[in-house]
1. Could you pull out every one of the helices (runs of 4 or more DSSP H) wholly within the range 46-155 that has 1 or more residues that are more than 16 Å from Ala171 (Cα to Cα) and within 12 Å of the ligand (Cβ to nearest atom)?
2. Could you figure out which of (1) under 23 Å from Ala44 (Cβ atoms); (2) away from the ligand (no atom under 15 Å from the Cβ); (3) touching a helix residue (DSSP H, G or I) at 6+ places or on another chain (Cβ under 8 Å) isn't true of Met170?
3. Considering only the range 196-235, state which residues are of a type in the set (Gly, Ala, Ser) and out of contact with any Phe, Trp or Tyr (no Cβ under 7 Å at 6 or more places or on another chain).
4. So which pairs qualify, if the first residue must be in the range 169-194 and farther than 22 Å from Phe264 by Cα, the second must be acidic (Asp, Glu), the Cβ gap must be under 7 Å, and the two must be at least 6 apart or on different chains?
5. Within the set of pairs 6 or more residues apart or between chains, which connect a residue that is closer than 27 Å to Thr386 by Cα inside the range 67-89 to a residue that is of a type in the set (Val, Ile, Thr) with Cβ atoms less than 6 Å apart?
6. Restricting to the range 139-164, name every residue that is in contact with a strand residue (DSSP E or B) (Cβ under 7 Å, 6 or more places away or on another chain) and farther than 23 Å from Ala41 by Cβ.
7. Condition test on Gly225, is it out of contact with any Lys or Arg (no Cβ under 7 Å at 6 or more places or on another chain) and on the phi > 0 side of the Ramachandran plot?
8. Can you name the residue in the range 318-350 that is touching a strand residue (DSSP E or B) at 6+ places or on another chain (Cβ under 6 Å) and modelled with pLDDT of 90 or more and is also surrounded by the fewest Cβ atoms within 10 Å (Cβ to Cβ) among such residues?
Amino acid sequence: MQVLQTPLDIAEKYKTIKNAGVGSERLASKILPIRDFNNWAKMAVIQLCYNYQKSRDISVLDLCCGKGGDLNKYARLGSVSYYAGVDITLHSLIEAIKRYNQKLCELNKNRKFGQPFQADFTLADVMSAPLYKHFQKTKFDMVSCMFALHYAFQSKQTADAFFGNVKNLMAPNGSFVAVFPCKDTILKRLQEQGADLSQGNLVLKNSLYSIKFPNAVNFKANLFGQKYIFDLDEAVGDTAEYLIDMRDFRELCSQNQLTIKHHFPNLETLLQTDQIPQKAKQNFSNMMKRTAKFIFLLNQNLNKGQKMTDDNFWDNIDEEQIDQINENQIQKITDLGQLPEEYLEVIRLYQAVMVVHTNPAEVKSCEKIRIPVPEARRAIDICNLTKEPINLETLRDEFKGEMWEPSVWM
Ligand SMILES: C[S@@+](CC[C@H](N)C(=O)[O-])C[C@H]1O[C@@H](n2cnc3c(N)ncnc32)[C@H](O)[C@@H]1O
């Protein structure tokens with residue numbers, strides 16, 4: 001098996017990943033509960049950062065934005081005036097642009113779900129490119145990196161470059177939020193199953209995910225490049241990621257005059273803590289509506305004595321069945337304990353951290369970006385900061401049937 005290492009290899013990998021939510025044409029996504037929960041968790045930490053803002057006209061930098069899955073969450077804040085998405089996978093950026101265009105049209109029609117905002121998309125390796133040179137005078141009120149920070153810990157150099165970008169791009173009273181796997185949880189789980197961490201070929205898995213360590217691992221800090229291969233059903237397939245030691249994270253913060261404001265050692269704690277805005281907590285059952293239906297169907301199979309690993313277990317759990325269930329007749333999801341252990345094991349792998357400037361008064365400020373919000377964008381610029389050229393013809397093909405014309409600048 002070839003193991004992916006460079007940002008461009010990662011881009012190749014993400015190009016092949018299906019759109020969120022659908023495993024095949026009719027089958028429901030097996031990992032729907034994980035996707036729904038992660039979306040709720042991201043929404044919760046985004047609202048946490050938003051509450052920290054004094055201004056109500058904010059700019060957002062979404063590092064490793066992928067297919068723009070969080071655009072909606074920012075739109076719903078109702079106060080975003082500018083969003084910049086950066087990713088190394090061109091294909092994902094194209095999807096993000098399409099999503100943005102659709103969102104913009106919706107928002108222009110119906111402002112109930114937020115206000116329209118300007119967005120830019122940049123193709124770049126956020127773990128090597130000095131992005132702050134590109135964004136020049138722009139500083140962002142909210143910077144996020146969701147489910148991607150682990151790539152930055154491939155080496156001290158990549159981690160330094162990443163944190164340098166955060167430091168230089170975050171507005172004086174801004175915040176940075178990241179969701180990423182928890183090293184302690186992973187290593188403790190390996191130990192609990194009796195693994196000898198000093199040996200290679202260690203595996204942690206259930207029917208939904210696997211984490212394979214080709215080499216020995218340990219709890220020591222300052223060991224960048226502690227590689228594992230992560231696989232999550234229908235989502236990330238056999239991709240090289242790197243353990244993040246929180247002592248290294250803290251050290252990088254301190255070197256960049258950043259301070260951890262909140263640390264949630266696993267995402268489940270977001271539901272229990274008072275630090276998360278009440279509004280986000282109240283929205284939990286709502287965001288887990290499809291999961292409630294999915295779990296209802298899944299429990300029907302489990303109650304018949306079937307196992308999630310049986311060949312035909314998933315056959316009757318499809319989109320159509322889910323849509324037919326009346327949500328008033330089934331139990332709402334109010335607690336993660338209602339999910340089968342297989343799902344919890346994946347959900348509990350992740351943690352969330354919110355970071356701010358240690359001395360905001362010492363951070364150079366900048367002018368607020370005020371770009372008129374477009375009614376609908378006719379041209380979308382993808383700024384290319386990589387050395388690989390973007391083929392404009394291919395890009396045009398990707399946007400065939402869309403009303404927007406892409407253009408590229410370097
Ligand atoms: C698991 S996806 C997360 C996407 C999005 N943040 C979300 O939560 O839906 C990880 C993303 O990180 C991007 N990525 C990985 N390494 C990167 C790098 N060095 N520079 C920019 N993006 C990178 C991948 O292309 C992919 O879109």
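1. Details: elements: 71-77, 90-109, 131-135.
Per the criteria, 71-77, 90-109.
2. Status for Met170: all satisfied but (3).
3. Step one: filter the range 196-235 for residues of a type in the set (Gly, Ala, Ser), giving 198, 200, 207, 210, 216, 221, 225, 235.
Passing the criteria: Ser198, Ser207, Ser210, Ala216, Ala221, Ala235.
4. As it stands, the answer is Ala171/Asp141, since those pairs meet every condition given.
5. If the second residue must be of a type in the set (Val, Ile, Thr), the pairs left are Tyr74/Val60; Tyr74/Val80; Tyr82/Ile369; Tyr83/Val60; Val86/Thr122; Val86/Val126.
6. Once the filter is applied, which keeps residues that are in contact with a strand residue (DSSP E or B) (Cβ under 7 Å, 6 or more places away or on another chain) and farther than 23 Å from Ala41 by Cβ, the range 139-164 yields Lys139, Gln154.
7. Values: out of contact with any Lys or Arg (no Cβ under 7 Å at 6 or more places or on another chain): yes; on the phi > 0 side of the Ramachandran plot: yes.
Answer is yes for this residue.
8. Filtering the range 318-350 down to residues touching a strand residue (DSSP E or B) at 6+ places or on another chain (Cβ under 6 Å) leaves 318-319, 322, 346, 349-350.
Subset that is modelled with pLDDT of 90 or more: 322, 346, 349-350.
Working: Ile322: 18, Val346: 20, Leu349: 21, Tyr350: 22.
Filtering first and then ranking leaves Ile322.
The values are calculated or read from the model by the stated rules, or taken from the named source; none is laboratory data. A quick note: this is a predicted structure, and the numbers were derived from the prediction, not measured. We place every Cβ from the backbone using ideal geometry, glycine too, and count neighbours over all the protein chains shown.
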